[in-house]
Structure formats: C-alpha cells, structure tokens
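Report on the structure given below.
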Amino acid sequence: MDQSQSEMNGIGQRLRELRQKRGLNQQDLASDDISVSYVSLIETGKRAPSDTVLKTLAERVGCTVDYLRTGRDDARVKELELKVAFGDMALRNGANGEALQSYSEALANAPLLQEATVRRARLGQALAFEKLGRLEAAIQLFTALFEDRATVPGTGEWAQLAVALCRAYRDSGDQMMSVEVGERALKRLDQLGLEYTDDHIQLGATLITCYFQRGDLTQAQLLVNRLSAMAEQSGSRVARGSVYWNAALVARSRGQFQESLALTERALMLMAETDNVRHLGVLKANCASFLLDTDSTEYERIEELLTESQDAVVEVGTAVEQAKVEIEFARLALRQGVPHSAIDRASRAIGLLRSESPWDSAFARALLAQAQFDLGEERSARETMQAVERELLRLPENRASATVWRQAGDVWLANGCPVEAMSFYQRALSGAGLVPLHSTAPAKVVAPQA
C-alpha cells in the first residue's frame, strides 16, 4: 500500500470513528457539495477529499483538519487537557456544575486524549454527579471505573473508587449494596495481604457508616475495633481521625452520648492539621449534632462549629452534606426558641435533598413541623407531619427509618397528640424489628363438657 492510500485510509477511519462517536450518520455529513455516497467513499479510503471538503467534514465531526489528516492535533489536545484541569479545580472549589460541564466537554473528545486523562475526567465526572446529588449517574460511572480491567485491586485508585461506590450507594439509600460493595472490597484486600494504607482504612470507615445506617451495630463495633488497631499502628492522623469519627457514630446510636462526643472531639483534634477540608467540615457538623443530643447549652460553640462546617461543605461538600448542616442549624434554632429561623433552615435542607437521602428529608420535615407548632400554625404543622408519614411509608423498615419514626413521634407527643405519637412509635418498633403480638388478651379457658 503506497503512502497516499495509507493516508486516505487513515482519514476515512478517523472520520468514521468521530462520526459514530457523536451519533451521526453519513447523511448528517452530507451537503449540497458533498453527497452521501462521497462520504462513504472517503470513509472506506476510496477517495481523497479536497482541502475544502476536509474542512467541512472536520467542522461537522468536531475536530481539526490536522487531526483528520494525521491523527494528531496538539493544540486541540492541550485545550482538552486544560478542560480536565479546570474541572479538577472547579470540583475542589465546589463549582460542581462547572466541573461537570468541563469534564463532559473533554470526554466528548475522548479519542484525542490519553487513556490516563480520560480516566481522570471520568472519575471527576462521577464525583461531580455525586456532589450534585445525581447519585444514580454517579453510581453508574463509579461502577464502570471500579470494574475496569485497568483498575488494579489494592491500589490507591482502586480503594478510592471502592469508597466512592460504597458511599454513593449508602447515600442513595441502598444499604444492602453499600455493605456488599464494602465487604467485598475489604475481603479482596485481605486476600491480597497488602499493608493497609489510609485509603484502605477509609474504606473500612465508610463501611462502618453503612453498617450503622443499616442498623447492624454489632458488625459496626467489630469493624471499629479492627480499624482502631490498624490506624494506631499506621500512625496516620487521617486514619485515626476517620476511625474515631465513625466510632463516635456507633457510640451515639447506642445512646452513649458523652462517649460519642469525646470520640468526635478526639477525631477533630487529629483532623484539624490535615488539608481534607470536606472531612473536617462534616466532622464539625457531627460534633455540633452530638452536642445537641446532650443537654449542652454551649450554643455559641455549636453555632461556631456549624458555621465553619457550612463554609467547608458549601465549598467542597455534597448536597446531602450541606442539607445535614442546615438540619443541625434548624435543631439549634428550635433549642434557642427561634422557630422562624428553624423553618428557614429546615426548608433549605428539604430543597437541597430533593429526592436524595429520604431519611434526612423526613427528619427535616419533622423539624419544620415542630417550628410550625411553636408558631401556633397547627394546621400547617399537621399537614407537614402527614408529609413526613407519607415519605417514611415509602422507605424500607430498618434502623434508619425507625429512628426518624421515633423522632417524628416525639414531635406529635410534645405537641399534645398522643394518639398520633403512638402510631409513629409503633412504626418505629416495627422498623427496629419488634413486631406486635397477634393478641395481648388472655386466652379463654373453656370448661370441659360434663
């Protein structure tokens, strides 16, 4: 094959690949000056297009003439690499929509980029989807990357993807899949016999939260014990901070509020010197939440923690994390007797959550109802509590939903509605696995017939 024929074949192949990638057919490339049959001949390497035709075709498939001719386009490649770099920067700065747009524009021209850059853009795209609350799209992308043959089990990248996938399933409410992903990944690490890194410990810490949300406190505590030993051995402040953070969640769920607060304070001290803004922000919100669980009147400190947390999660956190901060602000406002502020905060949380994290959404509505009761708006409050009930009835019966049923029941009881409260408490007991007896009446004793 002579050089001219080779060049025509290369042009045709690149034209066909770009056309198909953009979902175009040959008719889409045709015009008054370029027939469909001419496009077909070019793609099969049977015709050499003129400079004018080549320019028109390049514009329609979104590349340069140089790329169609040679397969190289250094200027375009550099431009796309800058888009990926801008996406990384935007993601760090919390501009998640801009990040998603940059990554998507770069991936639309994936054939021009090296595979490592494509993977980086796909991971960034998945993280942007997650932070925007579009968890189904994020899970799909995380799964594709995690299961890709290029992802080597045991590496930092592999652990990061396992954590992200586990976290995304957890936040979407699919506790079964979140636990399955986390357990499978930890088992794979054990099989490999590798030394544990911070990434691996973070995987275990994420799995603890999944156990916690599923209500499996025994497994959560066992993993806390295991990770504590590993984290202390590694000496990493981040690793130890993550473990103490999750140990605090388990202690809180057991009603050990002072212990959970002490563990959170210890985690804060360890994480304060790290550069993980997001983790530190979420941890401060947890610390404020734990203080609100007690009889603490350190309102200034709670507000300071929540303000610092909000600054962090608005910058680099997810919509769910931002909503959780608003929920804690609403709780603080209710404790301080400022129901108008509680309504604003709870409403903002509901707006941020949309269809994500329905347990948090239901709890935010319960707080909203309490604020409405405090303002004497009983009709609105009852309507809001009915919305809480509808939302909870759509959720599976587990510890997470049982907790919110209980919290919402407390709202009814605090406002003089014991019948409604009892109904919610019964739902809470069912969610915790305690089903009612078929009958509590004593069995009748029938005298034998003479």
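The values are calculated or read from the model by the stated rules, or taken from the named source; none is laboratory data. Here the structure is a predicted model, which is why all the values come from computation and not from measurement. Methodologically, a virtual Cβ is constructed for each residue, glycine included, from the backbone with ideal geometry; neighbour enumeration extends over all protein chains shown.
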Picked from segment 318-348 (must be part of a helix (DSSP H, G or I) and of a type in the set (Val, Ile, Thr)), the residue nearest to ARG406 (Cα to Cα) is ILE327
Tell me, which residue of segment 356-382 that is surrounded by fewer than 20 Cβ atoms within 10 Å (Cβ to Cβ) and free of Cβ contacts under 8 Å to residues at least 40 places away in the same chain is farthest from the chain's Cα centre (by Cα)?
GLY376
If you check ARG335 against the conditions, is it in contact with a Leu (Cβ under 7 Å, 6 or more places away or on another chain) and surrounded by fewer than 17 Cβ atoms within 10 Å (Cβ to Cβ)?
yes
Look at VAL77 and say whether it is surrounded by fewer than 20 Cβ atoms within 10 Å (Cβ to Cβ) and among the hydrophobic types (A, V, I, L, M, F, W, C).
yes
For segment 80-123, enumerate the residues that are touching a residue at least 24 places away in the same chain (Cβ under 8 Å), surrounded by fewer than 16 Cβ atoms within 10 Å (Cβ to Cβ) and within 29 Å of GLN310 (Cβ to Cβ).
ARG92, ASN93, GLY97
When the residues of segment 383-414 are filtered to those that are surrounded by 21 or more Cβ atoms within 10 Å (Cβ to Cβ) and of a type in the set (Ser, Thr, Tyr), which remaining residue is nearest to ARG331 (Cα to Cα)?
THR384
Quick check on segment 125-156: of everything there that is assigned to a helix (DSSP H, G or I), crowded, with 16+ Cβ neighbours inside 10 Å and free of Cβ contacts under 8 Å to residues at least 24 places away in the same chain, which residue is farthest from the chain's Cα centre (by Cα)?
PHE146
Within segment 1-20, of all residues that are at pLDDT below 85 and either surrounded by 13 or more Cβ atoms within 10 Å (Cβ to Cβ) or not polar (S, T, N, Q) (or both), the one nearest to ALA110 (Cα to Cα) is GLY10
